[in-house]
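Asks: Let me begin by handing over the structure; questions about it come next.
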């Protein structure tokens, strides 16, 4: 049986991992490779999974905890994808609030499943919105030092750090981020990329395709700080069905961006820093996705549908630095106000809202 090339692309919530993974998958598919994807989340009902499936990719899910805590589920999911399609490459997208992946996923795969997987270097996408503030020690990051600790540990364990979304940065901001990362992690390969437009991806692909015996760097991780940092985030997933009155149609893209912008204003009013808010809207085969990645950012339409519809099903994934019960109240209130302002009837279903529990890895193997 052939070994599968296993690629894991980490990065903080809102770093652009899903967009990057889709671009990587398209590249290798165009080169004649069978590619399988595995998404991961603390909850169920993932925008990322539905988004990738809507683009025609074969996607498996590991839900309910991070890859590190569900290592056996990760392996089983890859085995299922292998039985269905025999992929040459698996690209795995871990939870954005997860770290210590080198010791709890990469090294266990290399040691326990060496005959099954050819493991690539660990690449981590850097999110510019929060990255500049955290790396430069600015006030007003929106997260406590415990949450920032997760962000920094992700970078520390990476083999490759890719600063994403450089298409949104001017030259000075781009150079500042490159300097901050290189000064703090002089041993790292540091790239500047745009998952949306493809800039810098040739170098990222070359890094992920590189072979070498060197193990990943597995830094010491303070699990008390790590757990406390994750627990600062309220985690919410839900589904919302909306329908306009009578035969009135509405522009799906515009309505979706309006809802995300409304939620962004509500977060600012509650001093609740968004780590990532994403909403997928679908209707009669049309799909739109809108995102918010920080309190400083604007609501962004990442996938346009161009559709005019009478009803839609929304999948909301929110990771916000606020108590879960307050996050539920905020989302329910703003969805109701948005629906009323637009003349929609609405129903919220499958709502999950909680704080992530303490990570308990299945394995932890420090590199030699």
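Asks: When you go through (1) surrounded by fewer than 21 Cβ atoms within 10 Å (Cβ to Cβ); (2) within 26 Å of residue 6 (Cα to Cα); (3) touching a strand residue (DSSP E or B) at 6+ places or on another chain (Cβ under 8 Å) one by one for residue 163, which number turns out not to apply?
Replies: (1)
Asks: Could you tell me which of the residues 195, 264 is touching a helix residue (DSSP H, G or I) at 6+ places or on another chain (Cβ under 6 Å) and either modelled with pLDDT of 95 or more or part of a loop (DSSP other than H, G, I, E, B) (or both)?
Replies: Step by step, each of 195, 264 is checked, and only 195 is touching a helix residue (DSSP H, G or I) at 6+ places or on another chain (Cβ under 6 Å) and either modelled with pLDDT of 95 or more or part of a loop (DSSP other than H, G, I, E, B) (or both).
Asks: Answer yes if at least one residue in segment 254-263 is surrounded by 19 or more Cβ atoms within 10 Å (Cβ to Cβ) and over 27 Å from residue 97 (Cα atoms), and no otherwise.
Replies: Step one: list which residues in segment 254-263 are surrounded by 19 or more Cβ atoms within 10 Å (Cβ to Cβ), which gives 255-257, 259-260, 263.
Next cut, over 27 Å from residue 97 (Cα atoms) only: 255.
Yes: one or more hits.
Asks: Whether any residue in segment 234-241 is in a loop (DSSP other than H, G, I, E, B), modelled with pLDDT of 95 or more and either surrounded by 13 or more Cβ atoms within 10 Å (Cβ to Cβ) or within 21 Å of the chain's Cα centre (by Cα) (or both) is what I want to check.
Replies: no
Asks: Let me ask something else about it. Checking residue 196 against (1) assigned by TED's automatic domain parsing to the domain that holds residue 23; (2) free of Cβ contacts under 8 Å to residues at least 60 places away in the same chain; (3) surrounded by fewer than 20 Cβ atoms within 10 Å (Cβ to Cβ), which single condition isn't satisfied?
Replies: Every condition holds for residue 196 apart from (2).
Asks: Separate question: Among the numbered conditions (1) touching a helix residue (DSSP H, G or I) at 6+ places or on another chain (Cβ under 8 Å); (2) in a helix (DSSP H, G or I); (3) more than 30 Å from residue 167 (Cα to Cα), tell me where residue 205 comes up short.
Replies: With respect to (1) touching a helix residue (DSSP H, G or I) at 6+ places or on another chain (Cβ under 8 Å); (2) in a helix (DSSP H, G or I); (3) more than 30 Å from residue 167 (Cα to Cα), residue 205 is out only on (3).
So that you can scan it fast, the table gives a plain yes or no per residue for (1) farther than 16 Å from residue 7 by Cβ; (2) without any contact (Cβ under 8 Å) to a residue 40 or more places away in the chain:
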{"position": "128", "(1), (2)": "yes, no"}
{"position": "139", "(1), (2)": "yes, yes"}
{"position": "177", "(1), (2)": "yes, no"}
{"position": "203", "(1), (2)": "no, yes"}
{"position": "207", "(1), (2)": "no, no"}
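Asks: Can you tell me which residues in segment 312-361 are buried (at least 20 other Cβ atoms within 10 Å of the Cβ) and in a loop (DSSP other than H, G, I, E, B)?
Replies: Listed by number, the residues that qualify are 322, 356, 359, 361.
Asks: Does segment 26-33 include one or more residues that are under 19 Å from the mean Cα position of the chain (by Cα), surrounded by 24 or more Cβ atoms within 10 Å (Cβ to Cβ) and modelled with pLDDT of 95 or more?
Replies: No, every residue in segment 26-33 fails to be under 19 Å from the mean Cα position of the chain (by Cα), surrounded by 24 or more Cβ atoms within 10 Å (Cβ to Cβ) and modelled with pLDDT of 95 or more.
Asks: Can you give me the number of residues within segment 291-311 that are part of a strand (DSSP E or B) and under 18 Å from residue 246 (Cα atoms)?
Replies: Within segment 291-311, residues that are part of a strand (DSSP E or B) and under 18 Å from residue 246 (Cα atoms) number 3.
Asks: Right, here's the next one. When you check residue 248 against the structure, is it over 22 Å from the mean Cα position of the chain (by Cα), in contact (Cβ under 8 Å) with a residue 12 or more places away in the chain and buried (at least 17 other Cβ atoms within 10 Å of the Cβ), yes or no?
Replies: Details: over 22 Å from the mean Cα position of the chain (by Cα): yes; in contact (Cβ under 8 Å) with a residue 12 or more places away in the chain: yes; buried (at least 17 other Cβ atoms within 10 Å of the Cβ): no.
Against the criterion (over 22 Å from the mean Cα position of the chain (by Cα), in contact (Cβ under 8 Å) with a residue 12 or more places away in the chain and buried (at least 17 other Cβ atoms within 10 Å of the Cβ)), residue 248 does not qualify.
Asks: Select the strands (runs of 3 or more DSSP E) contained entirely in segment 43-160, then report the ones holding at least 1 residues which are surrounded by fewer than 22 Cβ atoms within 10 Å (Cβ to Cβ) and touching a helix residue (DSSP H, G or I) at 6+ places or on another chain (Cβ under 8 Å).
Replies: Result: 58-63, 117-119.
The values are calculated or read from the model by the stated rules, or taken from the named source; none is laboratory data. Fair warning: this is a prediction, and the values are worked out from it, not measured in the lab. Here Cβ is always computed from backbone atoms with ideal geometry, including for glycine, and neighbour counts include all displayed protein chains.
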